[in-house]
Amino acid sequence: MKKIGLIFATLALLLIVNATEAMAQKRIVPYPDVRDNDIMWQKRVWREIDFRQKMNLPFYYPIESHDNQRSLINVLMDALKESRIQAYEVTPTGELNKPVPYSKLIKSLDKERQIETRDDYGNVTGSQNITISFKPESVTRLRIMEDWYFDNKRSQMMVRIRAICPVNMREVDTLQLPNELFWIKFDDSTRVVLSEAPFYNRGNSAARMSYDDVFWKRMFDSYIYKEENVYDRSISDYAKGVEAMRESERIKQEIIDFEQNVWEY
């Protein structure tokens, strides 16, 4: 029995090693080359992936990395620390033109908080500033900047993710509001990092997937919170509650309708 158990343990170890090596050697699927002249229509939208949604839970777990399994934020933070990808500051215009070094980024993610100091009798004697270190598990959402366009040469509606942004929540006047931490260009460097990181496939654990596969196949639940507009405003700036949901669906349907209308004669 001990020999049989040893055989099974060895086989399991070999499977894990082979799967890890296969993931590391996996190549990204390149985006198709598109000429500007072939784009007859284009719209930029911003989406938000809420990790609390059932379909999106694998983005958030495991909180503690183990067995080559890491949450998305840990994958990104490890790559930033190794200088494999570049972080950019959040700007009012949304442009990715202010790269931030990893050391400065970590410092900006840590928060300063003022607390009261008390004596042995519980009396307030003053205050002091303390540093609260950034916790990756505080990131519960991911924002995506993407371009939808109709390729006239291929006669097909296509989408390309341009950048991603981890988001946590901050308290403002007793309200919990989304807080963008930094942006990362969704270029080949980022995709290579994501292609090397396994993504938990709840449907079939034998079919190994990567985070890049998930983005490429769009295997996530999300909603549109902004479209490009002359006022540069988000949906939440002019619609709330049910009306905001309807506006998000309207923008989504507008993209679908354009492709369908192209083929109407």
> For the stretch 66-121, what is the Kirkwood estimate of the hydrodynamic radius, computed as the reciprocal of the mean inverse distance between distinct Cα atoms, to one decimal in Å?
Replying inline: 14.3
> Among TYR211, TYR102, TYR60, which comes first, second and so on when ranked by fewest other beta-carbon atoms within 10 Å?
Replying inline: TYR102, TYR60, TYR211
>> Compute for the stretch 68-191: radius of gyration divided by Kirkwood radius, i.e. Rg/Rh, restricted to C-alpha atoms, rounded to two decimals.
In response: 1.13
> Can you work out ³J(HN,Hα) from phi for every residue in the stretch 65-75, in order, using Karplus 6.51 cos²θ - 1.76 cosθ + 1.60 and θ = phi - 60°, giving whole Hz and x for Gly and Pro?
Replying inline: 4, 6, 6, 6, 9, 9, 5, 4, 5, 5, 4
> Is the stretch 142-265 rounded, prolate or oblate when judged by the Cα gyration tensor, a ≥ b ≥ c being the square roots of its eigenvalues, rounded requiring a/c under 1.5 and prolate requiring a/b larger than b/c?
Replying inline: oblate
> Could you state the principal axis extents of the C-alpha atoms in the chain, from the largest down, to the nearest angstrom?
Replying inline: 83, 67, 35
> Which of the peptides 243-254, 108-119, 66-77 is most tightly packed, and how do the rest follow, going by the mean number of other Cβ atoms within 10 Å of each residue?
Replying inline: 66-77, 243-254, 108-119
>> Only counting other Cβ atoms within 10 Å, I'd like PHE59, PHE134 sorted with the fewest neighbours first.
In response: PHE134, PHE59
>> Pick from TYR225, TYR121, TYR61 the residue whose mean-square fluctuation is largest in a GNM of the chain, springs joining Cα atoms under 10 Å.
In response: TYR121
>> If R₀ is 22 angstrom, what is the calculated FRET efficiency for the pair ASP221 and ASN68, using the beta carbon separation as r and rounding to 0.05?
In response: 0.30
>> As a test of the formula, what do you get for the chain when each DSSP H run with n ≥ 4 contributes -39,500 (n - 2.57) and the sum is divided by the residue count, at 222 nm and rounded to the nearest 500 deg cm²/dmol?
In response: -9500 deg cm²/dmol
> In which sequence would LEU96, LEU175 go, from the one with the fewest C-beta neighbours within 10 Å to the one with the most?
Replying inline: LEU175, LEU96
> What residues have an amide H closer than 5 Å to that of ALA163, excluding those fewer than 5 places away on the same chain, when H is modeled at 1.01 Å from N in the peptide plane?
Replying inline: MET145, PHE186
> Amide H to amide H under 5 Å from VAL100: which residues, 5+ apart in sequence or cross-chain, H placed 1.01 Å off N in plane?
Replying inline: ALA87, TYR88, GLU89
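Rule-based calculations on the coordinates, nothing more; no lab input. Here the structure is a predicted model, which is why all the values come from computation and not from measurement. Every residue, glycine as well, gets a Cβ built from its backbone with ideal geometry; the counts of neighbours run over all protein chains shown.
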